[in-house]
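**Q** Sharing a structure here in structure tokens format.
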Amino acid sequence: MIACLKIYQNLKEQAELDFNIWPVVTFGLLYPILFGALFALPGLWKRIRQEKAKGFEIGKFLGVGIPSMYVILAPFLYSTQVFSFYLPFTSLLFNQYTGGVMIFSFVFGYLIIDCIRSRDNENIL
């Protein structure tokens with residue numbers, strides 16, 4: 001994790017020199033999602049061994065995953081300037097691109113793996 005933060009800092013410094021923010025935005029979006037997924041893998045492995053990983057919890061994903069995905073993608077959407085004027089909070093989330101978006105990315109990565117559950121509940125596809 002510390003190595004990834006060091007890479008992220010180096011990418012930010014390089015972006016200040018050549019005004020190319022795409023590597024910073026892309027790396028800032030992807031590495032917290034991967035770390036969140038890595039933290040959820042032991043629980044998934046346990047569910048696979050108990051043969052309970054056969055469904056996907058749609059309710060949890062729609063309630064937490066979709067809003068967190070919006071917060072994650074808002075800086076990216078703002079920097080592309082395609083939907084920046086039509087979507088709320090994109091400029092705010094882009095200008096305040098700090099730990100908040102990273103926390104949502106981490107939660108989203110964890111949630112993708114954690115939504116894989118058994119078919120015992122009725123809110124699972």
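We did not get these values from a lab; they are worked out from the coordinates using the rules stated. Everything quoted here is computed from the prediction, not taken from an experiment. We place every Cβ from the backbone using ideal geometry, glycine too, and count neighbours over all the protein chains shown.
**Q** Which lysines have a Cα less than 30 Å from the Cα of Lys54, not counting those fewer than 8 places away in the same chain?
**A** The qualifying lysines are Lys46.
**Q** Sorting Phe61, Phe89 on the 10 Å Cβ count, fewest up front, what's the list? Don't jump to the answer; show the numbers that get you there.
**A** Working: Phe61 18, Phe89 12.
Going from sparsest to densest Cβ surroundings: Phe89, Phe61.
**Q** Once you put a point 7 Å from the Cα of Tyr70 and another 7 Å from the Cα of Phe56, both along the Cβ direction, what distance in nm separates them?
**A** That separation, rounded to one decimal, is 2.0 nm.
**Q** In addition: Can you tell me which of 46-56, 19-29, 68-78 comes out highest on packing, and rank the rest after it, using the mean Cβ neighbours within 10 Å? Walk me through the intermediate numbers first.
**A** Working: 46-56: 12.9, 19-29: 15.3, 68-78: 19.7.
Ranking the peptides 46-56, 19-29, 68-78 by packing returns 68-78, 19-29, 46-56.
**Q** I need Cys115, Cys4 ordered by Cβ neighbour count within 10 Å, fewest first.
**A** Final ranking by Cβ density, sparse to dense: Cys4, Cys115.
**Q** How big, on average over all directions, is the shadow cast by the Cα convex hull of region 1-56, in nm²?
**A** On the way: hull surface 18.9 nm².
The number I arrive at for region 1-56 is 4.7 nm².
**Q** In nm, to one decimal, how far is the modelled label at Asp18 from the one at Leu5, with both set 7 Å along Cα→Cβ?
**A** Reported label-point gap for Asp18 and Leu5 is 2.6 nm.
**Q** How do Lys6, Lys60 rank when sorted from fewest to most other Cβ atoms within 10 Å of their own Cβ? Spell out each step's value before the answer.
**A** Details: Lys6 10, Lys60 15.
The most exposed by this proxy come first: Lys6, Lys60.
**Q** In the calculated pair distance distribution of region 2-117, what percentage of Cα-Cα distances lie above 26 Å? Please list the in-between numbers first.
**A** On the way: 1878 of 6670 pairs.
Taking all Cα-Cα pairs of region 2-117, the fraction more than 26 Å apart is 28 percent.
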